[in-house]
1. For the chain, what is the relative contact order in percent, using Cα pairs closer than 8 Å and at least 6 residues apart in sequence?
2. Based on the Cα coordinates of the range 295-337, what is the per residue volume of their convex hull in Å³?
3. From the residues LEU318, LEU362, GLY398, which one has its Cα farthest along the dipole of the chain in the positive direction, the dipole being from +1 and -1 charges on Cβ of Lys/Arg and Asp/Glu about the Cα centre?
4. How about the range 199-254: which trypsin sites (Lys or Arg not before Pro) there lie in a loop by DSSP and see at most 15 other Cβ atoms within 10 Å?
5. Could you give each residue of the range 73-86 its phi-based ³J(HN,Hα) in whole Hz, using Karplus coefficients 6.51, -1.76, 1.60 with θ = phi - 60°, and x for Gly or Pro?
6. Taking the alpha-carbon set of the range 409-467, what are its Rg and Dmax in Å?
7. Kindly provide the helix-only [θ] at 222 nm of the chain, computed as the sum of -39,500 (n - 2.57) over DSSP H runs of four or more divided by all residues, to the nearest 500 deg cm²/dmol?
8. Starting from the Kirkwood Rh over alpha-carbon pairs, what translational D in µm² s⁻¹ does the range 192-483 have by Stokes-Einstein at 4 °C and 1.567 mPa s?
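Taken together, the values in this text are just the output of simple stated rules run on the coordinates, not laboratory data. What you are looking at is a predicted structure, and each value in this text was computed from that prediction instead of being measured. All Cβ positions, even for glycine, are placed from backbone atoms using ideal geometry, and neighbour counts span all protein chains on display.
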Amino acid sequence: MPSHRAASLLLALSPCLIAQTPASPAPLDGIWLGTLHTGGPSLRIQIHLHQDAAGKWTCSLDSLDQNGVGIPCTLSSATNPIAIDIPAVHAKWSGSLTANTLDGTFTQGADMPLTLERQSTMTKPTPPATPDAALPPADATTIRAILDKDLAAALSSGALAPSTNAGVTIGVLAHGKRTIFTYGTAKPDSVFEIGSISKTFTGLLLAQMVEQKSVQLNEPVRDLLPPGTVAKPASGSEITLLDLSDQHSGLPRMPDNFAPADTTNPYADYDSKLLYADIAHHGVSIAPGAPFGYSNLGVGLLGSALANRANLPYNDLLHQQITGPLNMTDTSVVLSPSMRSRLIQGHDAAHNSARPWDLDALAGAGGIRSTAADMLTYLEAQLHPNQLPATAASTPQGKTLPAAILASHTIHADVPPGMHIALNWFRADATGNFWHNGATGGYSSFALFNPDKDFAFIVLFNTTISDKSFADRLGQHIAQRLAGDPAVSLAN
C-alpha cells in the first residue's frame, strides 16, 4: 500500500516446517527471519520485535523480496501461543517460541506454515524496481491510455496474462468526470466481492445512526447487544462503538471460536450465536490507550450491534441507510438474481477457481459485493457529500447522509507509521488520500479518494491477494498517475 509501504504476501504456499527440539523459552525481543516457499520465487519474511523499558512492544515486518519495509504489526500475545497481527496485509502469524525459533502459521485468507529463526542483524531488502517516470497528472479522459501502456507487461506475462483467467475493472472519477474500463476477463458491470472495503460502509452506518441520534460514538457496544450477552466490566473502561470503528478496541483480529466447517467458504457458518459466545468469553473491557489493532472481529461486531439497534438485518440496514438513498442497486451482501448473473469467477493465488464467500454475523467486516459503477457513486458521495443524487433527499436517511459522510471522515486515532483512521477509512498523512483495501478467497480490491485533489477510483480484481498484491499495486500506481508522481512499476 502506498501510505505504509506494505506488500501483500502469498496465499498458495507449500509446507515448510522445521522440526525443533523444545527448549526453555527465550525472550521475543529481537530480529526473526523465515522463508515462505511458494513453488516459484521464495519470499523472505523478517519480523522485528522490541520491548522498551516500560514494557511496551513495537513490531514491524519486512517482506525482503518485495521491498515491503516497515509494515506495521502488533504483538497481541507475547506468551505461547504467540500472536502477531499484520493488518496492512490482512494477515496474522501465530505459533510458539522454542529457544531461538518461532514455529507457527501465517494466515492470509488461508493457513500457511512459517518458521522464523532469531538473527543477530537485520537483513536488507531487495532493492525496489525502478519506478515509472512521472507524467502530467492524469484525469478521467487520459488515464485509460496511460494504463494501456503501463499494463502491457502484466497483460502479456504478468497478473493479467491470458493463462491466469484474471480480470480487473477500474473506475476513475476526477473533477466531476468518470470512466470505467476493464482488462482481462472482467466486464464493466461485473460484480466483485469488495472484502474489507465493506468496513467503510459499516463506519458510515455508524455515522448515520449517530446523526439520527439512535446511537452515540462513545456508547458501549454491550448496550447494543441482546440483554445478558456479555457482562459489564467490574471496573475500568469498556469497548465503545468508536473503539470498534477506529480499530482500537483491543479485540483480536479473528474470533477465538472461528473454526469453519468449509474452508472454501469460511465465514458462512459463523453466526450471531458464535459471535456472542466469543464476545462473552473475551469480555468488553478495554485497557487505557489500547493501540491500533486491525480486527475483523471488532468491525463485524460493530455491524451486528448496529443492526441489533435498528432491529434490521445488516443487509437491510445497509440498503436503508446508504445504498437505497444513493441508488446503488448493485451493492449488497445478498446477491440479487441480476448481480448473481454478473458475479465474475474469483480465483485463488494459484489462479484456481475460488468460491464466493458468504458472511453471516461478520458481514459488516467484509461481506459486501458491488460493481465499479456503484463504487464510483459511493466514492463521489465521499468527495461531494453536499451534491448527492436527488434520490437521497427523498428519504429521511438520505437527508442525514451528507452530514454523516463528513463525520465519517473525521480523524479519531493514529495508525503508525504515517497514517490516521477515521470511521474505518485510513488516511495517509503525506498525501491526504483516504483509502481502504479488501480481499476474500477469490477477490481483491482497492478504493481511494482525495477531497483536496478531487479524485477517486476503485480497483476490482477477481484474484485474491498474492505475490506483490496486484490490486494494491495497481491502486498505488493509479493514485500516483492521478497526482502526477513517479509510479510504482506494474511490469512484474
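1. 19 percent
2. It comes to 75 Å³ per residue, whole-number rounded.
3. Ranked along the dipole, the leading option is GLY398.
4. Qualifying residues, ordered by number: LYS213.
5. Whole-Hz 3J(HN,Hα) from phi for the range 73-86: 9, 10, 7, 8, 8, 9, 10, 4, x, 5, 9, 10, 9, 10.
6. 12.7, 34
7. Helix contribution divided over all residues of the chain: -6500 deg cm²/dmol.
8. 68 µm²/s
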